[in-house]
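Take a look at the structure below.
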Amino acid sequence: MRKGVIPKSLNICLVGTRFQILSRKSDHGFLWSIARGLARRGHQVTVLSTTSSLARSEVVRDGVRTFYLEEGLQFRGKSYFSDLALRKFRELHKEKPFHILHGLDNSAYKIAKTKDELHLAVAYDVEATQMSQLFSILGMGQETLTSLLTTGLAVTYKFVTTFFAVPYGIEIGDLSPKEKSAELKATLGLPENSHIAVTISDMTELHELKNILLSFEKVAIKKPNAYLIVVGNGPLFKQIEFEVLNLALGNRVILTGAQKSQDILDYVLLGDLFINLRSRTTGFEPSMIEAMAQKKVIIGSEVSPIGHIIDDGVDGFLLRPADIESLAQLMLEIFSGTIAVAEIGERARKKVVDLFDTQKMIASILEAYQKILLKTGFYRVPGAQIEASEAPR
């Protein structure tokens, strides 16, 4: 088969269950900025998603064509959307073939399975690669030779079954500095001089939160003005509530329950520090990125992708999730002012603002697309020598 030159104008299809184009006055969605930026560079961009706040099944704006396939339908669900997306993708691909499919989450899997049949290049976002499962496996490993070998094999197997990943499919909001909500602080009954740690949990793993609670218990004894806010809900909420009461932390730990995504940042803003020791994490959760952008001190797990974002002791801290003593000591030092939290917060903000600079990200996405296209074997770079087997006869 003769290889073609990678075209200057790519026909790109983004597929994901969450893709919002808001009213023009509030167009700040991160994914929308990326899609619009690709279109402005001369590429054709099509998006397949579920529903829109505009209540329209098709939106064309700034060169981006978006289909909301579940708009107006009563029956919805990820599996159903995957089928709808595959059907629509085939229809559009027949009209004009796509060069690359970019899966923003795992709803693009069914389309990706047709990549050989359709001569299609596939990119997955970090969230879609299930990297959180990879690092959950790592988090379970004990530091013995046998377990490290076993863990290594498990991670290698999981990784090689995924596709090329680009970590830009997350949806984050405006990263500009924001003020704490005095009203929320008063509603929660937090004293003016309180020191606050914030964490977010889906409450599906007891040990993840229990380790944080045990660490905070040590802090609460020495710091009577220290509080822990736990945002989220889940199947183990009652068990976690019991642990809080059992440790006599009832008035020092606030369990907020489920919160709307747009309200979570208000809780993060109240904190002096943000803790994310979850094993099932990609490191690119919007809440953590936004916490860094708001100059919060981040405490993350050294056995998760967060370690690729945070430089320990420079723009945040990395700990083993089960190291209760070190977490307690670190919280005490942060609350006591013996750590230069202002400088760490400034460096954290600079890192994410640089990382999520839209123009830089568009350039890096296009670079990743080119590598993926070359990897398919269907393309060559402009000016590359044509092999004899590929030359026209």
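The values are calculated or read from the model by the stated rules, or taken from the named source; none is laboratory data. Just so you know, these numbers come straight off a predicted model, no measurement behind them. Cβ: placed from backbone, ideal geometry, glycine included. Neighbour counts: every protein chain shown.
Just to check your reading of the model, which residue among Ile362, Ile324, Ile339 is crowded, with 17+ Cβ neighbours inside 10 Å, of a type in the set (A, V, I, L, M) and touching a strand residue (DSSP E or B) at 6+ places or on another chain (Cβ under 9 Å)? Give the derivation first.
Working: Ile362 fails: touching a strand residue (DSSP E or B) at 6+ places or on another chain (Cβ under 9 Å); Ile324 fails: touching a strand residue (DSSP E or B) at 6+ places or on another chain (Cβ under 9 Å).
Unique residue meeting the criteria: Ile339.
Residues in the stretch 330-381 that are touching a Lys or Arg at 6+ places or on another chain (Cβ under 9 Å) and not in a helix (DSSP H, G or I): Gly377, Phe378, Tyr379, Arg380. Filter the stretch 166-186 down to the residues that are outside any loop (DSSP other than H, G, I, E, B) and at pLDDT 90 or above, then identify the one that is surrounded by the most Cβ atoms within 10 Å (Cβ to Cβ). Ranking the qualifying residues of the stretch 166-186, first place goes to Lys185. Look at Ile229 and say whether it is within 24 Å of the chain's Cα centre (by Cα), in a strand (DSSP E or B) and at pLDDT 95 or above. Here the answer is yes, as Ile229 does meet what is asked. Taken over the stretch 291-329, the criterion of being β-branched (Val, Ile, Thr), over 21 Å from Val268 (Cβ atoms) and not in a loop (DSSP other than H, G, I, E, B) is satisfied by Ile324 alone. Exactly one residue out of Leu134, Leu86, Leu120 is assigned by TED's automatic domain parsing to the domain that holds Ile12, surrounded by 13 or more Cβ atoms within 10 Å (Cβ to Cβ), modelled with pLDDT of 90 or more and out of contact with any strand residue (DSSP E or B) (no Cβ under 9 Å at 6 or more places or on another chain), and it is Leu86. On the stretch given as the stretch 210-227, residues that are surrounded by 23 or more Cβ atoms within 10 Å (Cβ to Cβ) and either farther than 14 Å from Leu330 by Cβ or out of contact with any helix residue (DSSP H, G or I) (no Cβ under 9 Å at 6 or more places or on another chain) (or both) total 1.
Just to be sure, is Lys295 of a type in the set (Lys, Arg), more than 27 Å from Lys223 (Cβ to Cβ), in contact (Cβ under 8 Å) with a residue 12 or more places away in the chain and touching an Asp or Glu at 6+ places or on another chain (Cβ under 7 Å)? Break it down into steps so the answer makes sense when it comes.
Details: of a type in the set (Lys, Arg): yes; more than 27 Å from Lys223 (Cβ to Cβ): no; in contact (Cβ under 8 Å) with a residue 12 or more places away in the chain: yes; touching an Asp or Glu at 6+ places or on another chain (Cβ under 7 Å): yes.
It is false that Lys295 is of a type in the set (Lys, Arg), more than 27 Å from Lys223 (Cβ to Cβ), in contact (Cβ under 8 Å) with a residue 12 or more places away in the chain and touching an Asp or Glu at 6+ places or on another chain (Cβ under 7 Å).
Here Tyr267 clears all of (1) in a helix (DSSP H, G or I); (2) surrounded by fewer than 22 Cβ atoms within 10 Å (Cβ to Cβ) except the condition numbered (2). Out of everything in the stretch 19-47 that is within 12 Å of Val59 (Cβ to Cβ) and in contact with a Phe, Trp or Tyr (Cβ under 6 Å, 6 or more places away or on another chain), what residue ends up being modelled with the highest pLDDT? Checked the stretch 19-47; the qualifying residue modelled with the highest pLDDT is Val47.
Checking the conditions here, which among Ser389, Ser336 is at pLDDT 85 or above and over 29 Å from the mean Cα position of the chain (by Cα)?
Details: Ser389 fails: at pLDDT 85 or above.
Selected residue: Ser336, the only one of Ser389, Ser336 that is at pLDDT 85 or above and over 29 Å from the mean Cα position of the chain (by Cα).
Can you say whether Leu249 is surrounded by fewer than 20 Cβ atoms within 10 Å (Cβ to Cβ) and either in contact with a Ser or Thr (Cβ under 9 Å, 6 or more places away or on another chain) or over 22 Å from Ala340 (Cα atoms) (or both), as far as the supplied structure shows?
Numbers: surrounded by fewer than 20 Cβ atoms within 10 Å (Cβ to Cβ): yes; either in contact with a Ser or Thr (Cβ under 9 Å, 6 or more places away or on another chain) or over 22 Å from Ala340 (Cα atoms) (or both): yes.
So Leu249 fits the description; yes.
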